[in-house]
Amino acid sequence: MLSIVVLISGTGSNLRALLEASADAEYPARVIAVGADREAPGLAHAEEFGIPSFTVPFSSYDSREAWGAALLEQIRVWNPDLVVLSGLMRLLPPNVVEALTPNIINTHPAYLPEFPGAHGVRDAIRAGVEQTGASIIVVDNGVDQGPIIVQERIPVLPGDTEHELHERIKPVERRLLVQTVLDIANGLDLGALSTRRLPATIKE
Ligand code: GAR
């Protein structure tokens with residue numbers, strides 16, 4: 001059984017999808033704890049499902065490194081097989097990524113490497129593209145630059161607001177995340193993905 005710690009900042013709809021999947025005895029993964037960098041509304045999902053949670057407020061620490069060290073300490077209490085960043089809107093300091101890699105994945109509401117960063121949905125709308133997407137990646141020390149595990153295209157409709165487009169992206173993210181965790185539980189080798197840093201089209 002794959003054990004997971006999920007880290008959130010917001011509403012936690014992706015977290016909820018994992019909690020619902022975990023409720024199925026046949027699903028080979030379980031969320032064992034939920035962490036947040038603030039009093040995130042999504043922590044209520046953990047409470048509803050009886051899953052322990054912890055909060056390491058970014059604002060309580062003098063530096064990103066100090067916050068990261070405290071967060072890592074909390075994660076290690078649970079000794080999870082996998083950490084899922086599910087709307088954690090903070091960059092992890094390098095020593096935290098290095099301690100957890102390659103068993104740390106992130107959901108992103110764009111078709112990476114397009115529109116990385118904190119405003120992937122807004123940036124796609126502003127760029128006027130006709131399609132964007134959803135991606136699940138392995139976390140590395142870049143901003144949304146880690147190896148892509150899976151991704152899917154989603155059309156941008158004329159007149160879409162950021163909220164409307166994000167609400168159409170999120171169900172796809174949820175499906176991809178639940179499937180990715182299943183694949184990892186069934187043996188998908190994240191370490192092998194981690195070495196594939198260049199697009200196949202780039203020749204050295
Ligand atoms: C998701 O769309 C996730 O991909 C995004 O925040 C949302 C969280 O939703 N993350 C990022 O943009 C990270 N760069 P949720 O709290 O309802 O799961």
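Identify the residue in the stretch 1-18 that is within 19 Å of residue 173 (Cβ to Cβ) and out of contact with any helix residue (DSSP H, G or I) (no Cβ under 6 Å at 6 or more places or on another chain) and, among all such residues, is most open to solvent (accessible area, probe 1.4 Å).
My answer is 11.
Would a scan of the stretch 23-35 turn up a residue that is closer than 17 Å to residue 181 by Cβ, open to solvent by 50 Å² or more (accessible area, probe 1.4 Å) and either of a type in the set (Gly, Ala, Ser) or modelled with pLDDT under 95 (or both)?
yes
In the stretch 114-157, which residues are assigned to a loop (DSSP other than H, G, I, E, B), over 22 Å from residue 9 (Cβ atoms) and within 15 Å of the chain's Cα centre (by Cα)?
Of everything in the stretch 114-157, just one residue is assigned to a loop (DSSP other than H, G, I, E, B), over 22 Å from residue 9 (Cβ atoms) and within 15 Å of the chain's Cα centre (by Cα), namely 147.
What single numbered condition from (1) part of a helix (DSSP H, G or I); (2) charged (D, E, K, R); (3) more than 11 Å from the ligand (Cβ to nearest atom) fails to hold for residue 16?
Every listed condition holds for residue 16 apart from (3).
Counting only residues that are of a type in the set (Ser, Thr, Tyr) and either closer than 21 Å to residue 44 by Cα or out of contact with any helix residue (DSSP H, G or I) (no Cβ under 9 Å at 6 or more places or on another chain) (or both), which one in the stretch 69-109 is surrounded by the fewest Cβ atoms within 10 Å (Cβ to Cβ)?
Applying the filter and picking the extreme gives 107.
Filter the stretch 56-68 for residues that are part of a helix (DSSP H, G or I) and open to solvent by 50 Å² or more (accessible area, probe 1.4 Å); which is nearest to the ligand (Cβ to nearest atom)?
Per the stated criteria, the residue is 64.
Based on this model, can you work out whether residue 98 counts as acidic (Asp, Glu), over 18 Å from residue 144 (Cβ atoms) and out of contact with any Asp or Glu (no Cβ under 7 Å at 6 or more places or on another chain)?
Criteria not met by residue 98.
Write out, first by first residue and then by second, each pair whose Cβ atoms fall under 8 Å of each other, whose residues are 6+ apart or on separate chains, and whose first residue, in the stretch 87-98, is more than 18 Å from residue 8 (Cβ to Cβ) while the second is modelled with pLDDT under 95 and among the polar types (S, T, N, Q).
Final answer for the pair search is 94/141; 98/141.
Given the options 25, 40, name the one that is within 16 Å of the ligand (Cβ to nearest atom) and outside any strand (DSSP E or B).
40
Before we move on, is residue 141 open to solvent by 50 Å² or more (accessible area, probe 1.4 Å), more than 11 Å from the ligand (Cβ to nearest atom) and either closer than 22 Å to residue 28 by Cβ or hydrophobic (A, V, I, L, M, F, W, C) (or both)?
no
Among the residues in the stretch 41-55, are any open to solvent by 40 Å² or more (accessible area, probe 1.4 Å) and either at pLDDT below 95 or of a type in the set (Ser, Thr, Tyr) (or both)?
Among the residues of the stretch 41-55, at least one is open to solvent by 40 Å² or more (accessible area, probe 1.4 Å) and either at pLDDT below 95 or of a type in the set (Ser, Thr, Tyr) (or both), which makes the answer yes.
The values are calculated or read from the model by the stated rules, or taken from the named source; none is laboratory data. Worth saying up front: this structure is predicted, and the values here are computed from it rather than measured. Ideal geometry is used to build each Cβ from the backbone, glycine not excepted, and the neighbour counts take in all protein chains shown. To get the accessible areas, we keep the full protein, side chains included, count just its heavy atoms, and leave off ligands, DNA and RNA. Shrake-Rupley method; radii C 1.70, N 1.55, O 1.52, S 1.80 Å.
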